[in-house]
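Each value in this text was obtained by applying a stated rule to the coordinates, not by laboratory testing. None of the values given here were measured: they were computed from a predicted structure. Here Cβ is always computed from backbone atoms with ideal geometry, including for glycine, and neighbour counts include all displayed protein chains.
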Amino acid sequence: MGKRLHFIFFLLVVLSAGAQVDPLQTSDSRAQQQWVEAKYANMSDEERIGQLFMILGASDQPKSSTNKIGQTIAEQQIGGVIFSKGGPVRQARLNNQFQEKAKTPLLIGMDAEWGLAMRLDSTYAFPWNMTLGAIQDNSIVEEIGYQIGTHAQRLGVHINFAPVVDINSNPKNPIIGKRSFGEDKANVAVKAVAFHKGMEKAGILSSAKHFPGHGDTDVDSHKALPEIGLARSRLDTVELYPYKIMIGAGLSSIMVAHLNVPALESNTNTPSSLSKKVIGGVLQNDLEFQGLVLTDALNMKGVTATATKPGEAELNAFLAGNDILLMPENLAAAKSALLEAYTSGKITEKRLARSVKKILRAKYKAGLHKYKPVDTEGLYADLNGVMSDLAHEKAVEHSLTLLKNKFNLLGIKKLENKKIAYVKLGDADHSTFLKALNLYTEVTEVQAKDIVSLKKKLAEYNLVILGYHKSNASPWKDHDFTQKELYWLNEIAEMPTSNTVLATFARPYALQQVLTYDPIDAVVLGYQNSEMAQQKMAEAIFGAIPVNGRLPVTAHPQFPVNSGMDLKPMGRLGYSIPERVGMVSEFLSDIDTLVQQGLDSLMYPGAQVLIARKGKVIYNKTFGTPSGKEGESLTGDHLYDLASLTKILATLPILMKMEEEGNIGLMNTFQELIPEYADSELKDVTVLKALSHYGRLPSW
């Protein structure tokens, strides 16, 4: 009987997993359906076809262009707008203007894979997907998705065309690369699900891309039609794997790429985005996906080159099974072609209703049944808040990947025995890294015009940290070592007088250029050259934070995918913001005022104030001058003559702890605490008075 029950349970699980529950259906499904049916019934045929299109808009366009878009929205009653470059306030205002023109509220989309900063200035940039792919704790990835979702919602964006779920198995891929979570299909899938869950929790529709998989190609579909020459069995087990998992997790939409995939579509002139076999067959039938299906941009060369006349690609895309036609090259021709096909019966009412009603259900789920304009007041602050800082910091910390640590060199120990040099490689800024290294001990930047001179200077040091810094502007920037840098790296690593640490702030694939890592003692991967990555790398090198990232791709024969070593912290202080340890930044600003009052009243010429909690320095500032003389300034590395510190470093912290635990009160008197003082003139002195230096205690 027990075995039979287990079999029935297993069968039910298998059957229930086979069909996706409608991911666009809301909890108030009856009200949603009524809204959808009412909207659909009130539309003309032209308005229904208009709902299929999402056109491009950008807040950095001239007013003449945006006015034309507004006119198009009013005349064509299109379904949505995808925003590109510009600024947040400008986009919010433009968004409101466009919505006023629409009879049915517009579905607003953006490519915000690593945040709104992918397209907009003055907004937050989170780590790229490959950086997130190194993180072992998927809840951190979910929090990144949530933060991106809250930003999108605040700006009036309803669908984020993310995450990228391509398996980046080709290191030469020119368009995906660091936009991918990596080459391990299971890791890509769990990261994508976490990211999707975060966005959905924030009320934003997600969109996995680029179906059926754009990772194993060295051609950019913006410029030509890439071919994915993989067998169907490989596609099923690798490229399609993340989609299967995400569909089961309630994925809202899927973006179909412009690819030539012979194993799925035998006609080489039919891109996957226009293929009934790919969309109607594989995606909607085999994978049973019920969410929105949309094309990649229809103005890309990968698809426009296949059309013989305007509107043909858009019509074929709809006939193939797409619901949303993204960025048509010629809207008027495309809409005319679809209307003609509908009138002639090539597009049936049932087929049109299926897509339009799906779009309307998505709009309802996104909250457009109770649309409100975007409020621009406080917008910049809302899009750059402290919760985003915390999520960013945690993500970077947990992404750092230790690939080699000979002699347990890291975290660096016995600083008194170390003379450390720093050598910069790469062409991007390194100032944050060097400054952060010097928070722990003296680290000297060493430069020279040639390797002979450089090695002569480095002979004075017993530890050399090489930082490889490449542009953090976008994941498409060149990250390759120059031949000179590769030669210098090897020459420095071979020096017998010092140990060598290589800290890279670039994509993992850059490591492939190094012939061997045998001479290098430690290798740490930071993935990006952001200020956060540089700060956290320095903390990791000195053992202030743990390191537990894993390599999301194969970076070198010595460093295959999933490589990585754990590094435990040594107890040194790290650096963060007050909110990381349960404090509030605003309150700490009062310290500035108090110190300045002391300077103004000539109590001291200068001061340095450092506050640390839970192993994190959260406040570290210097004020005034060392001696009060004009022209001097106090710096963070100033040396002080210390005296009379026992009360501050020992007695005071113990009393603070006792007061927090309720074992002593600031208003307790000496006679209450020590009965022997009951008959002395100090009996009424309180703890507060004693700590404030007016308790009349006699000197020892």
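Here the calculated FRET efficiency for K276 and T343, from their Cβ-Cβ distance with R0 = 35 Å, stands at 0.95, rounded to the nearest 0.05. Fraction of C-alpha pairs exceeding 27 angstrom in the range 432-568: 17 percent, rounded to a whole number.
Among the lysines of the range 33-163, pairs at least eight places apart or on separate chains and with Cα atoms under 16 Å apart come to 4. Given their separation in residues at 0.36 nm each and the Cα-Cα distance between them, L486 and M387 gain 31.7 nm when the chain is fully extended.
Spin-label model, R234/E586: points 7 Å from Cα along the beta carbon direction are separated by 5.7 nm. Dipole orientation for the chain: of the candidates Q535, M110, L240, L240 has the Cα lying most toward the positive pole (charges on Cβ; Lys, Arg +1; Asp, Glu -1). Compared with the dominant Cα axis of the chain, that is its longest principal axis, helix 185-201 is turned about 90°. Considering only beta bridges that DSSP places wholly inside the chain, some 25 percent are antiparallel. The modelled label-to-label distance for the pair K683/L594, using points 7 Å beyond Cα in the direction of Cβ, is 3.4 nm.
Available extension along the chain between E676 and N285 is 131.9 nm, counting 0.36 nm per residue and deducting the alpha carbon span. Each residue of the range 116-132 was assigned a 3J(HN,Hα) from its phi angle through the Karplus expression (A = 6.51, B = -1.76, C = 1.60, θ = phi - 60°), giving 4, 5, 4, 10, 10, 6, 6, 10, 8, 10, 8, x, 5, 4, 5, 5, 5 Hz with x at Gly and Pro.
The helix-only estimate of mean residue ellipticity at 222 nm for the chain, built from DSSP H runs of length n ≥ 4 each weighted as -39500 (n - 2.57), is -10500 deg cm²/dmol after division by the residue total.
Extension gain for S633-N267 works out to 124.4 nm (0.36 nm per residue, less the C-alpha to C-alpha distance). Under the simplified labelling scheme, the L415-R93 pair shows an inter-label distance of 5.0 nm, with each label point 7 Å from Cα along Cα→Cβ.
Taking only C-alpha pairs under 8 Å that are 6+ residues apart, what is the relative contact order of the range 561-700 in percent? Averaging sequence separation for qualifying contacts and normalising by length gives 13 percent for the range 561-700.
Around the Cα centre of the range 286-399, unit charges on the Cβ atoms of Lys, Arg, Asp and Glu (plus for the first two, minus for the last two) sum to a dipole of about 740 debye. Taking a straight Cα-Cα cut-off under 14 Å and skipping sequence neighbours fewer than 8 places away in the same chain, the aspartates and glutamates within cross-link reach of K614 are E579. Taken about its Cα centre, the chain carries a charge dipole of about 1720 debye when Lys and Arg each add +1 at the Cβ and Asp and Glu each add -1 at the Cβ. For the set K277/K335; K424/K449; K276/K350, the pairs lying more than 22 angstrom apart at their alpha carbons are K277/K335.
Hey, which lysines would be in cross-link range of K201, C-alpha to C-alpha under 21 Å, not counting anything within fewer than 8 residues on its own chain? Hits, sequence-local ones excluded: K191, K209, K244, K358, K363, K365, K370, K372, K394. Computed from the coordinates I sent, percent of Cα pairs over 33 Å apart equals one of (i) 47; (ii) 54; (iii) 58. Tell me the label. The value matching this structure is (iii).
Annotation note: GluC sites (Glu not before Pro) in the range 334-389 located in DSSP loop regions with a Cβ neighbour count of at most 14 within 10 Å are E377. The relative contact order of the chain, computed from alpha carbon pairs under 8 Å that lie at least 6 residues apart in sequence, is 11 percent.
Helix 88-101: angle to the longest alpha-carbon principal axis of the chain, degrees 0 to 90, nearest 10? Tilt of helix 88-101: around 30 degrees. Partner lysines whose Cα lies under 22 Å from the Cα of K414, excluding those fewer than 8 positions away in the same chain, are identified as K404, K406, K435, K536, K568, K616. With the highest mean first, a sort of the peptides 404-411, 25-32 on other beta-carbon atoms found within 10 angstrom per residue produces 404-411, 25-32.
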